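*Asks:* My questions all concern the structure below.
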Amino acid sequence: MNLKHGYKYEDLFESSKLRDLAERFYEFYKKADPASFEIFSKYKASKGEGFTEIETSNIVINSARYLDLFTVDFFGIKREADRLKEDNETERKILKVRSDFMTKRVFKKYKAADLANMNFSELDAKVNIIKETLYGKFSWQTDEEKATAFMIRDLEEQEQHFKDHLEVMPNGFIFKQALARKSEESLTKIEQEETLKELTANFVYKDYKNPEGTLLEKRTYDYLKGTVELIQKWCFARMHDKAAKLVIKNWVLYKQPKSVDYNHLVHNQVETPGIPEKIYGEEDTLRRRDGFKLTDKRYNIRHVMGEVEYCVFCHERSKDSCSKGMKDSEGTAKRNPLGIPLNGCPLDEKISEMHTLKYEGKSVGALGIIMIDNPMCPGTGHRICNDCMKACIYQKQEPVDIPQIETKVLTDVLNLPWGFEIYSLLTRWNPINVKRPYELPYNGKNVMVVGMGPAGYTLSQYLLNEGFGVVGVDGLKIEAVHPDVTGGIDENGKYIFPKPVYEYKDIQDDLDKRIFLGFGGVSEYGITVRWDKNFLKVEYLTLARRKHFRVYNGIRFGGTIEIDDAWRLGIDHIAVATGAGKPTIVKMKNNLIRGIRKASDFLM
């Protein structure tokens, strides 16, 4: 690993080096943007106190942009990070077609009654000729949705160019001859196609605002308008054709937010007419279990960016209820029609701000924002929590799928070279977290955390950053991980640093083949195929690497070890994090003898 600024990998586990690295970031930020840094430095000095919510949002967003630049340069992964941004930008271009063309020129223009005058087979034949004649080099076989979006985008751009030239003529408009020639050449090709003759026949030439418009320019403009209208009808008819709509079923281009009916949230079908109780789920939403394999592989970048585009970035008006909750005039959380309080994210995660960085393609900066309030974010996100969605500003239609976005931000970073190391570093060093920008040195005090479930391992993370030593104990079996990955103490009592992980896949497991690590409590034993437990392994390894963290399994507090034992072993404080659930005790003689298992044993 070749880190910048003279740092060695081992330095990333030393508190004093992390403090120096934070100072280097602040110097970098100040040099790059003095005005922004001056505001940030005041924010840092006050530890975030005294600033309005909107001011705080802007400060966090601006500082995260520079955290992204600094971290990418520090790990030497600019090329890979730029590629990630390019992919992000490509998806934004596709989604702009959804907002500008599909929503405004297709969904709003046509209704079901218009289908009587549309023959999809005929429209499809004509559009296929346009594809082959003008856009044959597009990725129709590998990514038809992208090719369709880029075809529409190109035709709209040409149409708008001629409209500006002939009808609008805005101040400063320059007629691009190269673009005009491209359009005129397309017209020549289309005129040779008998099937498309209506696109170039029966033109009605108007007296456009620009008196200098030539006959060819007018003909080209009319051809472009006709072609775009043909594409509009084709797009609409495609939604209603039995075979064609299966192709576009999961296309983001066609996704429209659905209204939320709180009296009909689960859509079932009656199996036997006359017996309304005999129901089954819709085939479209059926996902079969396959052993312990992951059956929900999360959104891809296109679907995630579709959700980011859908977000209105309401932090700009301090209306980000996904984070802060929906309050009434007295400051009490409102309730939805089901009576559920809309408290928003219980961690106060800066969600809308994170979306802003993701929208810009700065995934490392977006992760930095998440980890200000949620450093153990692999344990949240998709399939784990959705309080943010419940309180989303969209209450009468589908909410933004925030957990999918959060998880995609995390996986984007993990899949970069040294991605696991970047996440791991941000748990110990996050200079835009002004309340704790880096872990403090060991203070000599030790805390025993009883229970290594979500509460226990999250508490351990915060205690370690405050300088405490942490001894985690759990009654379950926790498997040891190879010291190459975690580091550890050798025979002479010397700490051995872990080896850096270059690719995330090197520590990933196939979920149907993995050995249960035992770490994570309910996260390990209570959640099966619906969640990727490699995220749990990321958290386990991140904590196991900390110099002042030890975990011991098979320890029952109050049995194997008691309070007085803990004091004798040098423990200064005991934190009990054993979960809120009560065990189910069956009222039966000898119900606790060896070999007897109850339901709660499998949901611990």
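*Asks:* Output the residue which, of all residues in segment 334-379 that are out of contact with any Cys (no Cβ under 8 Å at 6 or more places or on another chain) and β-branched (Val, Ile, Thr), is surrounded by the most Cβ atoms within 10 Å (Cβ to Cβ).
*Replies:* ILE369
*Asks:* Turning to a different aspect of this structure: Which one is most open to solvent (accessible area, probe 1.4 Å) among residues in segment 505-550 that are outside any loop (DSSP other than H, G, I, E, B) and of a type in the set (Phe, Trp, Tyr)?
*Replies:* Only one residue tops the list, namely TYR525.
*Asks:* I need the full set of residues from segment 98-111 which are open to solvent by less than 50 Å² (accessible area, probe 1.4 Å) and of a type in the set (Lys, Arg), in order please.
*Replies:* Correct list: ARG98 only.
*Asks:* Let me ask another. Any chance segment 467-474 includes a residue that's out of contact with any Lys or Arg (no Cβ under 8 Å at 6 or more places or on another chain), buried (at least 23 other Cβ atoms within 10 Å of the Cβ) and either in contact (Cβ under 8 Å) with a residue 60 or more places away in the chain or more than 26 Å from ILE561 (Cα to Cα) (or both)?
*Replies:* Yes.
*Asks:* Quick one: count up the residues across segment 302-344 that are under 18 Å from LEU357 (Cβ atoms) and either of a type outside the set (S, T, N, Q) or assigned to a loop (DSSP other than H, G, I, E, B) (or both).
*Replies:* The total comes to 15.
*Asks:* Further, regarding this structure: Tell me, yes or no, whether segment 551-572 has at least one residue that is open to solvent by 10 Å² or more (accessible area, probe 1.4 Å), among the aromatic types (Phe, Trp, Tyr) and under 30 Å from ARG289 (Cβ atoms).
*Replies:* Step one: of segment 551-572, the residues open to solvent by 10 Å² or more (accessible area, probe 1.4 Å) are 551-565, 567-572.
Now restrict to residues that are among the aromatic types (Phe, Trp, Tyr): 552, 557, 567.
If we keep only those that are under 30 Å from ARG289 (Cβ atoms) too, we end up with none.
Among the residues of segment 551-572, not one is open to solvent by 10 Å² or more (accessible area, probe 1.4 Å), among the aromatic types (Phe, Trp, Tyr) and under 30 Å from ARG289 (Cβ atoms), which makes the answer no.
*Asks:* Let me ask another. Right, GLU406: crowded, with 23+ Cβ neighbours inside 10 Å and free of Cβ contacts under 8 Å to residues at least 60 places away in the same chain or not?
*Replies:* yes
*Asks:* Let me confirm something: among LEU115, LEU95, LEU166, which residue is open to solvent by less than 70 Å² (accessible area, probe 1.4 Å) and at pLDDT below 95?
*Replies:* LEU166
*Asks:* Residues of segment 224-255 being assigned to a helix (DSSP H, G or I), open to solvent by less than 60 Å² (accessible area, probe 1.4 Å) and without any contact (Cβ under 8 Å) to a residue 40 or more places away in the chain, which ones?
*Replies:* Within segment 224-255, GLY226 is the sole residue that qualifies.
*Asks:* In addition: Restricting to segment 197-223, name every residue that is open to solvent by less than 70 Å² (accessible area, probe 1.4 Å), under 20 Å from ASP154 (Cα atoms) and at pLDDT 90 or above.
*Replies:* Scanning segment 197-223 gives GLU217, LYS218, ARG219, THR220, TYR221, ASP222, TYR223.
*Asks:* Ok, one more. Suppose we keep only residues that are touching a Gly at 6+ places or on another chain (Cβ under 9 Å) and modelled with pLDDT under 80 within segment 573-604. Which one would you say is surrounded by the fewest Cβ atoms within 10 Å (Cβ to Cβ)?
*Replies:* PHE602
*Asks:* Can you tell me which residue within segment 383-397, out of those that are closer than 15 Å to CYS322 by Cα and in a loop (DSSP other than H, G, I, E, B), is modelled with the lowest pLDDT? Let's see the steps before the verdict.
*Replies:* Step one: filter segment 383-397 for residues closer than 15 Å to CYS322 by Cα, giving 385-397.
With in a loop (DSSP other than H, G, I, E, B) added as a condition, the list becomes 385-386, 391-396.
On the way: CYS385: 90, ASN386: 93, ALA391: 96, CYS392: 97, ILE393: 96, TYR394: 96, GLN395: 95, LYS396: 94.
By that ranking, first place goes to CYS385.
*Asks:* Among the residues of segment 148-163, write down those that are open to solvent by less than 40 Å² (accessible area, probe 1.4 Å), charged (D, E, K, R) and in contact (Cβ under 8 Å) with a residue 40 or more places away in the chain.
*Replies:* Within segment 148-163, GLU156, GLU159 meet the criteria.
*Asks:* Among the residues of segment 175-192, is any within 30 Å of LEU246 (Cβ to Cβ), surrounded by 12 or more Cβ atoms within 10 Å (Cβ to Cβ) and in contact with a helix residue (DSSP H, G or I) (Cβ under 8 Å, 6 or more places away or on another chain)? Let's see the steps before the verdict.
*Replies:* Step one: of segment 175-192, the residues within 30 Å of LEU246 (Cβ to Cβ) are 190.
The next check asks that each one be surrounded by 12 or more Cβ atoms within 10 Å (Cβ to Cβ); those that pass are 190.
Add one more test, that the residue is in contact with a helix residue (DSSP H, G or I) (Cβ under 8 Å, 6 or more places away or on another chain), and what stays is 190.
Yes, some residue in segment 175-192 is within 30 Å of LEU246 (Cβ to Cβ), surrounded by 12 or more Cβ atoms within 10 Å (Cβ to Cβ) and in contact with a helix residue (DSSP H, G or I) (Cβ under 8 Å, 6 or more places away or on another chain).
*Asks:* Right, something else. Checking ILE174 against (1) touching a Lys or Arg at 6+ places or on another chain (Cβ under 9 Å); (2) more than 25 Å from LEU95 (Cβ to Cβ), which single condition isn't satisfied?
*Replies:* (1)
*Asks:* What are the pairs, 6+ residues apart or on separate chains, where a residue within segment 500-529 that is among the aromatic types (Phe, Trp, Tyr) has its Cβ under 6 Å from a residue that is open to solvent by 50 Å² or more (accessible area, probe 1.4 Å) and in a loop (DSSP other than H, G, I, E, B)?
*Replies:* From segment 500-529, the pairs are TYR504/ASN415; TYR525/MET604.
*Asks:* Could you identify the single residue in PHE420, PHE468 that is more than 27 Å from the chain's Cα centre (by Cα) and at pLDDT 95 or above? Full working, then the answer.
*Replies:* Working: PHE420 fails: more than 27 Å from the chain's Cα centre (by Cα).
From the options PHE420, PHE468, the qualifying one is PHE468.
The values are calculated or read from the model by the stated rules, or taken from the named source; none is laboratory data. None of the values given here were measured: they were computed from a predicted structure. A quick note on method: Cβ atoms are made from the backbone with ideal geometry, for glycine too, and the neighbour counts reach across all protein chains shown. Side chains included, ligands, DNA and RNA excluded: accessible areas come from the protein's heavy atoms. Shrake-Rupley method; radii C 1.70, N 1.55, O 1.52, S 1.80 Å.
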